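Laboratory data are not the source of any read-out in this text; all were calculated from the coordinates shown. Please read all numbers here as calculations on a predicted model, not as lab measurements. Note that each Cβ is placed from the backbone with ideal geometry, even for glycine, and that neighbours are counted across all protein chains shown.
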Amino acid sequence: MKYDKFFAIAKEKGIEESELRVSTSYALNISLFHGEISQYTVEDGSSYTARGIFNGKFGSASSDVYNSKKAEFLVDEIVNNAKVIQNEDPAIIFKGSEKYHKINTFSKTLGEISIDKKIETLFALEKRLKEIDSRIVEVEGVDYSEDVTSISIFNSHGLKLTQKLNYYYLSGAVVAKENEQVKTAYEIKIGNDFSEVNVDELAHTIVNKALAQLGGEPCKSKKYKAVLAPEVMAAFASVYVDHASAESVQKQSSLFIGKVGQSVASKKVTIEDKPLQKGNVFSRWFDDEGVATYNKAIIKKGVLQGYLYSLTTAAKDGVTSTGNGARHGSKIGVEPFALYLKPGKKSQEELFKKVKDGVYITEVQGLHAGMNGQSGNFSLQSTGFLIKDGKLDKGLDVITISGNLVDVMNDIVEVGADSKILLGGNTFSSVIVKKLAVGGK
Amino acid sequence: MISKKVALEVLNEALSTGADYAEIFLEDSIARGVSIENGKVDTSSSVTATGCGLRLLKENRTVYGYTTDLTRNGLLKLAATLKKSFDGERILTVTKFDLVKAKNRNPIIRSYNDVSREEIISLLRIGDDAIQELKDPRIVRTISSFSYHHRDVTVYNSKERWFRRQTEFGRAAYMVVAANEKGFETGFSGPGTQTDISYFTKKLNLKDIALDTVRVALQNLEAKECPSGVMPVIIGNGWGGVLFHESCGHPLEASSSFLGLSCFSDKNGEMIANPVVSAVDDSTIPGEWGSIDIDDEGNPGQKRQLIKDGVLVGNMIDDFNGRRKNMEGNGASRRQNYKFCPTSRMSNTYIENGKSTKEEIIKATKLGLYTVGFNGGSVNPATGEFNFGCSEAYIVRDGKICEPVKGATLIGKGFEILKDIDMVANDLAFGQGMCGAASGSIRTNVGQPTLRISKVFVGGRGGELK
């Protein structure tokens with residue numbers, strides 16, 4: 001095998017067990033600006049992340065090139081890095097799961113469609129964005145990206161796993177202007193079946209998003225009934241569910257310590273980790289340690305079902321890994337692969353009707369700055385609309401929403417039916433929150 | 001990494017279909033890092049970046065690609081793929097390369113390649129031991145980390161220039177999670193430098209920095225929630241410059257400004273700020289976190305005046321985006337690594353000293369907010385709408401700093417805020433950060449003296465300010 005050299009050197013230098021994660025990616029990005037291809041990018045890259053157990057401790061190193069010199073480098077760095085480690089975490093290289101539920105995340109047809117056809121689609125999108133409404137003063141850009149990724153895990157126990165994924169995304173961004181007020185909007189279509197692309201529909205979605213914000217002004221600062229768009233709910237839930245990581249729990253920094261079997265959200269909320277979801281191009285059938293992934297509820301009808309585990313965190317608690325080992329730089333952390341909020345029955349329009357008077361929050365910005373993931377407290381720049389008499393009303397200009405994630409999750413009174421797969425693989429719907437502090441004027 | 005002969009061959013192959021510029025960006029870098037969690041060494045890592053980026057330009061069009069196959073054949077294959085984007089006749093042939101000379105303001109004195117992991121760990125322990133010795137039961141998790149990089153870049157371009165740039169930089173970080181019956185709070189400090197490791201022992205007191213991180217986390221456990229509404233806000237020096245970075249720095253990058261996509265597009269010569277505001281982006285400050293001797297297009301680092309006495313006078317410009325205004329780049333072309341196409345970016349961006357003092361500003365404020373610690377933020381350059389989060393803040397009453405508050409987020413529109421800055425002090429300082437944008441995550445310094453914005457919207461959970 002191509003990587004035998006690495007495993008041979010590792011053994012020779014006293015590494016007890018070793019693993020190599022190989023990821024190769026070929027990507028194409030095309031951007032249009034003012035009627036011409038402004039940027040055309042071809043990415044052909046690889047990443048080789050090696051780890052091994054030396055004197056009972058994990059050491060790791062990574063490189064984006066593999067050859068015999070680099071194999072030697074990886075092994076030496078594993079040894080030197082392992083030598084300084086002092087934590088007592090169990091170090092485990094996985095022998096393999098009994099069964100893997102392989103899921104197809106690769107579409108042959110995507111690569112067969114000509115580049116010209118894809119470029120034609122971009123030109124068509126830019127044209128539609130310009131002509132729908134005269135208040136669209138600029139098309140900031142339209143982009144097409146296509147990515148073919150292969151992820152493999154090889155280890156000294158003989159485990160060999162490979163998953164191939166491909167997907168495209170098509171996006172457009174516009175600037176709308178009216179009476180000196182400027183607003184922007186952006187939308188993205190993701191998938192691996194290019195025949196699903198509907199340029200006209202995408203263009204209208206983007207333009208309508210921008211136009212709807214014009215004429216907006218700050219609302220009165222107070223608590224409102226609120227509908228959160230799928231993207232906003234996803235942003236909140238991702239931070240919240242991080243607390244189900246066994247690593248956070250073991251390190252005393254989780255809001256879910258001692259909460260298994262207890263209520264952590266409203267009864268309306270069921271959130272699953274669904275790495276084996278059909279039709280989701282980001283599905284993963286093994287994790288970054290080679291453990292088979294599976295679908296599982298994290299929160300069911302508001303009740304925390306259990307923690308998510310990697311091999312090391314599972315060994316510490318005397319349980320088995322849940323297939324949630326995820327590589328974070330040099331270390332395996334714990335995280336869900338594809339969050340899925342179980343949808344309800346009401347359409348978004350019905351949610352607005354149910355709220356009657358309130359706000360609809362479509363976007364939050366600066367999550368890294370305005371969200372304290374540790375405490376759950378947040379104060380975020382937001383975009384949205386007033387809901388008046390059960391219908392969307394004028395846009396809201398320069399507002400914040402603030403609160404605590406625990407309260408938001410407990411205040412959800414309805415989950416919508418408008419499920420949407422988002423970039424990265426999470427699937428969320430709109431929700432109604434019974435009260436949310438909005439800061440405006 | 002490759003010979004000049006191969007570089008000539010690759011560039012000429014790339015130029016054969018009519019590109020008016022071609023550039024090879026070769027990189028062989030290594031990043032290492034160590035972290036100590038709850039007093040024990042938890043991770044030690046080594047990551048290399050080895051590859052080649054090839055950029056072709058034709059008028060306002062860019063074609064970019066990268067590969068990790070650095071053989072002659074691998075690079076010629078990449079050139080052959082990329083040149084297909086153009087279908088014209090050759091207009092340019094490269095015959096030689098002249099070395100670009102630039103001042104070496106950031107010399108490598110003692111390379112991180114010669115510093116052992118043990119020495120790095122001992123350095124971190126100066127601060128980490130101080131935290132552990134407190135034995136404060138409210139401190140539930142601590143992570144002390146150090147990351148250090150050696151970057152080795154060689155560029156050949158069709159302007160017949162070549163240069164090799166070796167840079168090193170290191171950053172220490174202390175992160176503390178504190179908890180009590182009310183919940184969790186965190187504290188963070190992350191000083192960095194382009195000078196060698198001695199900076200952390202000779203110029204900084206890591207013990208004080210680590211203990212200050214604990215102080216902020218513990219203070220926030222007890223602090224009240226920040227009130228919400230429009231109020232005067234005094235922004236502390238140093239890291240407070242993140243406000244200018246977001247609200248004004250990004251919209252002044254040629255990549256948005258020269259494309260007509262910024263709230264400051266075509267406003268040069270206009271009064272865009274209060275006359276007390278002058279601002280600069282300066283990549284020539286020796287050893288500073290955001291400094292560069294020579295940019296990715298071979299232009300030397302420069303001091304760029306952005307705003308002078310309230311008037312917009314300059315931008316961060318790279319050669320490519322400069323084409324839209326018939327301007328040369330001013331040394332602002334940067335990228336994270338060979339995987340990214342370069343564009344105009346900031347370096348050390350700051351508001352210059354004014355004539356007031358910090359004390360005068362506080363004394364002159366009847367009721368408002370004083371913010372001294374920040375989490376970072378983001379901006380939409382087209383609308384100018386920005387946000388940034390505060391990690392340490394106090395209420396100011398009758399000219400005095402009073403109780404601490406937590407959870408404040410400042411939001412607004414950059415072009416409005418600049419006009420509302422009404423007092424600027426004389427205590428300029430810098431803070432080190434990583435800035436993420438189109439060409440990846442790069443080192444940037446933010447900076448400013450203490451200043452006051454007469455009115456800005458503060459988001460918080462504490463109700464009305466009284």
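Spin-label model, residue A:95 to residue A:413: label points 7 Å out along the Cα-to-beta-carbon direction sit 5.5 nm apart. Largest first, the extents of the alpha carbon coordinates of the stretch B:95-182 on the three principal axes equal 71, 30, 19 Å. Of the residues B:200, B:149, A:305, the one whose Cα sits farthest towards the positive end of the charge dipole of the protein assembly as shown is A:305 (charges of +1 on Lys and Arg Cβ, -1 on Asp and Glu Cβ, taken about the Cα centre). Could you sort out which of A:117/B:159; A:11/B:4; A:274/B:406; A:130/B:58 sit more than 29 Å apart by Cα distance in this structure? Beyond 29 Å between Cα atoms: A:117/B:159; A:11/B:4; A:274/B:406. Would you look at the GNM of chain A, springs on alpha carbons closer than 10 Å, and say which of A:431, A:84, A:232 moves the most? The residue that fluctuates most here is A:84. Between residue B:222 and residue B:401, the contour length at 0.36 nm per residue exceeds the Cα-Cα span by 62.8 nm. Taken one residue at a time, the phi angles of the stretch A:360-374 give Karplus couplings (6.51, -1.76, 1.60, θ = phi - 60°) of 10, 9, 9, 8, 10, 10, x, 4, 5, 9, x, 10, 8, x, 6 Hz. Gly and Pro are set to x.
At a Förster distance of 41 Å, what's the computed FRET efficiency of residue A:133 paired with residue B:201, Cβ-Cβ distance as r, to 0.05? List each step's numbers first, then the result.
Numbers: r = 61 Å, r/R0 = 1.49.
Step by step, r from the Cβ atoms, then E = 0.10.
Close amide H partners of residue A:377, meaning residues 5 or more places away or on another chain with modelled amide H under 5 Å apart, are A:372, A:405.
Fewest neighbouring Cβ atoms within 10 Å first, the residues B:99, A:170 line up as B:99, A:170. Over chain B, DSSP H runs of length four or greater, each weighted -39,500 (n - 2.57), average out per residue to a 222 nm ellipticity of -5000 deg cm²/dmol. Expressed as a whole percent, the proportion of Cα-Cα pairs in the stretch A:325-441 lying more than 21 Å apart is 47%.
For a modelled paramagnetic label at residue A:178, 7 Å from Cα along Cα-to-Cβ, the residues of the stretch A:192-214 in reach, with backbone nitrogen under 18 Å, are A:204-214.
Summed over all non-identical Cα pairs, the Kirkwood treatment of the stretch B:312-385 gives a radius of 16.3 Å. Of A:199, A:303, A:42, the residue with the greatest mean-square motion in the GNM of chain A, using alpha carbon springs below 10 Å, is A:42. Only helices enter the 222 nm calculation for chain A: every DSSP H run of n ≥ 4 contributes -39,500 (n - 2.57), and dividing by all residues gives -7000 deg cm²/dmol, rounded to 500. DSSP bridge analysis restricted to the stretch A:216-441 gives an antiparallel fraction near 90%, rounded to the nearest 5. Using the Cβ-Cβ distance between residue B:182 and residue A:115 with R0 = 60 Å, the FRET efficiency computed as 1/(1 + (r/R0)^6) comes to roughly 0.60.
Our coupling estimate for the stretch A:157-166, obtained by passing each phi through the Karplus curve with A = 6.51, B = -1.76, C = 1.60 and θ = phi - 60°, is 7, x, 5, 9, 10, 9, 10, 10, 10, 9 Hz, Gly and Pro reported as x.
Binning every alpha carbon pair distance of the protein assembly as shown at 10 Å from zero, what are the percents per bin? With a bin width of 10 Å, the distribution comes to 2, 11, 20, 27, 24, 12, 3, 0. Taking other Cβ atoms within 10 Å as a rough exposure proxy, A:207, A:79 sort from fewest to most as A:79, A:207.
A Förster distance of 22 Å, applied to the separation of the beta-carbon atoms of residue A:24 and residue B:81, puts the FRET efficiency at 0.85.
Taking all Cα-Cα distances within chain A, those exceeding 27 Å account for 60%. In terms of its alpha-carbon gyration tensor, the stretch B:218-333 comes out prolate; a/c meets the 1.5 threshold, and the first ratio a/b outweighs b/c. Ordered by the number of other Cβ atoms lying within 10 Å of each residue's own Cβ, fewest first, A:196, A:187 fall into the sequence A:196, A:187. Compute the distance from the alpha-carbon center of the stretch A:360-427 to that of the stretch B:177-195, in whole Å. Rounded to whole Å, the Cα centres lie 26 Å apart. Separation of the stretch B:228-256 and the stretch A:161-201, taken as the distance between their Cα centroids, equals 30 angstrom.
For the stretch B:225-459, count all C-alpha to C-alpha pairs, find those more than 31 Å apart, and express that count as a whole percent of the total.
On the way: 4999 of 27495 pairs.
Looking at the stretch B:225-459, the distances longer than 31 Å represent 18 percent of pairs.
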